[in-house]
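Here the structure is laid out as structure tokens; the discussion comes afterwards.
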Amino acid sequence: MSNTQKTVAFHTLGCKVNQYDTQAMKEKFVEAGYETRPFGDVVDVNVIVTCIVTAVGEQKSRQALHKVRREQPDSHLIAAGCLAQKDADKLKDLGARVILGSQHREQVVDLLYQALDNDTQIAAVEDVRAIPYEELNISHQEGKTRAVMKIQEGCDRFCAYCIIPHVRGGIRSRLPEAIHREAQRLVDAGYQEIVLTGIHLTSYGKDLDGVKLMDAIKAAAVPGLPRLRLGSLEPVIATQDFVDELAKIPAICPQFHLSMQSGSDTVLKRMRRRYTSDEYLQAARRLQEAFPGCALTTDVLVGFPGETEEEFLETLAFCETVGFAKMHIFPFSRRAGTAADRMPGQLDRKTKMARAKVMAVLDERMNTAFLTSMVGSTQPVLFETEDEEGLSQGNTPNAMTVKVQGGVPHTIHQVHVTGLENGLLTGVLLDKNGD
């Protein structure tokens, strides 16, 4: 490459784990003297971090890769993430210089230089069944307010519909002391909120002797951190002891994403989920009792193979019983290599989309009810943005968005919530300088 300023652009699809991996690789490029540019700009290097959780995610990943090859044939393409792990040979044929699966992201720049020096392609993809946790580190993130921290990799659940264990491998956990060090670095850099994330957060510590998720949470709750948020959890983690310990940590945000998928026991069993609807409800109630006003969010998968109208209605009723603040709704997407792909009773797209639409109506109604319940309360709001008219937008501890006049980005202000407008809470700033 020439001595002029080298440039790199990133495009990230999928989950928060991918966001973290992106940031870690971005920092490696910056250390090597690269300037980051928005995706779509003509750059020396394009890095696409791919996703294959759903057919749509995989399609978007492939489209992004083809877009770079078509529009910037002279740019060096790096493919990373789950699609790269699954289809390394095909991405080589596409012309990717470097292909990274679920390992070697720390060496991304070195691997690129090696490929260029030897005028070759490198597929740094290993068997995910026998790889250790890759210690990545970040010192900042672009948002400057909230930082995502990955503490765990892999999953050994093998739910019937999910391809992720095949491309992310088994459970690998980050050591608590490494979590503590990175959390402290982020707080020292001015971050107000840290979100702990992983491929299967509930399994954290299974590969470490005597270490559990609570140890990781306590390690991340460093002095000076106002907010600590947890990523997606399985309901089985929310025992009474776990919830009681969680409630003793002042920084914990009262918003919990409890993965559900279905409220029908027969569907849960076919999905190979390891809990019943009653066990799920008990976990939800423990959190609601320990954290009054907490927001429970979840994932709902509609149209699973064999799902009857009665089973769908069971799920619909169960969601209303729990009382979610927000639901992420997905029509079932067939993934080759999963048990669900081979199951009889595959539903047509029209039925799946119709059920998703019915579920979305309930979601909107429950979300409105939850937001309305917050009107009249006073909330500490962490502001993130401010528009040209002086309207600031931020989030409450339970992750509801508030818009007011005069909030300062990257600081926490007390706000009296006065109303609800277009799905956003509105209010009045009670303190001008923040906490």
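How many residues are under 30 Å from residue 262 (Cβ atoms) and crowded, with 16+ Cβ neighbours inside 10 Å if we restrict to the stretch 355-407?
Qualifying residue count, the stretch 355-407: 16.
Identify, from the list 77, 91, 111, 83, the residue that is surrounded by 15 or more Cβ atoms within 10 Å (Cβ to Cβ), without any contact (Cβ under 8 Å) to a residue 24 or more places away in the chain and not charged (D, E, K, R). Just a single option satisfies the conditions, and that option is 111.
In the stretch 209-229, the condition of being at pLDDT below 95, charged (D, E, K, R), buried (at least 21 other Cβ atoms within 10 Å of the Cβ) and closer than 26 Å to residue 10 by Cβ is met by no residue. Looking at the stretch 353-411 only, could you name the residues that are modelled with pLDDT under 95, charged (D, E, K, R) and either touching a Phe, Trp or Tyr at 6+ places or on another chain (Cβ under 8 Å) or part of a loop (DSSP other than H, G, I, E, B) (or both)? Hits for the stretch 353-411 are 387, 388, 389.
State the number of residues belonging to the stretch 22-38 that are of a type in the set (Gly, Ala, Ser) and farther than 13 Å from residue 107 by Cβ.
Number of matching residues: 1.
Inside the stretch 215-270, residues that are within 21 Å of the chain's Cα centre (by Cα) and either assigned to a loop (DSSP other than H, G, I, E, B) or among the basic types (Lys, Arg) (or both) make up a count of 16. All conditions in (1) among the β-branched types (Val, Ile, Thr); (2) outside any helix (DSSP H, G or I); (3) out of contact with any helix residue (DSSP H, G or I) (no Cβ under 7 Å at 6 or more places or on another chain) hold for residue 187, with the sole exception of (2). Residues of the stretch 275-283 include at least one that is in a loop (DSSP other than H, G, I, E, B) and either more than 20 Å from the chain's Cα centre (by Cα) or touching a residue at least 12 places away in the same chain (Cβ under 8 Å) (or both).
If you go through the stretch 318-338 and pick out every residue that is closer than 22 Å to residue 59 by Cβ and surrounded by fewer than 18 Cβ atoms within 10 Å (Cβ to Cβ), you end up with 4.
The values are calculated or read from the model by the stated rules, or taken from the named source; none is laboratory data. Remember, it's a predicted structure, so these values are computed and weren't measured experimentally. All Cβ positions, glycine included, derive from the backbone under ideal geometry; neighbour counts span all protein chains shown.
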